[in-house]
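Only one structure is covered here, and it is reproduced in the block below.
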Amino acid sequence: MARGTTQTQSTQTRLRDKVMDQHDIPLLGNFYTKAEVDAMVAEAVEEARRIDEASMAKHNREATIISMILGFTALALFLDGLLRILGIIPPFMHLDVNVIDEIKNRLKLIY
């Protein structure tokens, strides 16, 4: 069975490509082509972008939770202080910060 010219050419091309894919120069050793380097760099950049997006999403989620906790705590402490000043909540550790009695006494003196 005889081979056609296209079969011979494609076999030679495959052999040549196989030899060229090794990128082996006897004195210099193995190396990458520009296209291979560009592909590796593009893949590395895409992986870095995916990692960056994932880490930013995690950071934003955790920062939101921490901000919610701090905001709720600050609001609770503000409300506690306001209610103690107004006399609605009893003094804590005998520290009376109620100002309503003083305001009543001063208003009685004026009127």
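Between LEU86 and GLU47, 0.36 nm times their residue separation minus their Cα-Cα distance comes to what?
Taking LEU86 through GLU47 to full extension adds about 8.2 nm, to one decimal.
Kirkwood Rh, Cα Rg: Rg to Rh for the range 22-111?
Using Cα coordinates only, the ratio equals 1.67.
How much length is gained if the chain between LYS58 and ILE110 is pulled fully straight, taking 0.36 nm per residue apart and subtracting their Cα-Cα distance, in nm to one decimal?
12.7 nm
Which distance in nm do the two modelled labels at ILE69 and ASN98 give, with both placed 7 Å along the Cα-to-Cβ direction?
Roughly 3.5 nm, to one decimal.
No lab work stands behind these numbers, since they all come straight from the coordinates. Everything quoted here is computed from the prediction, not taken from an experiment. Here Cβ is always computed from backbone atoms with ideal geometry, including for glycine, and neighbour counts include all displayed protein chains.
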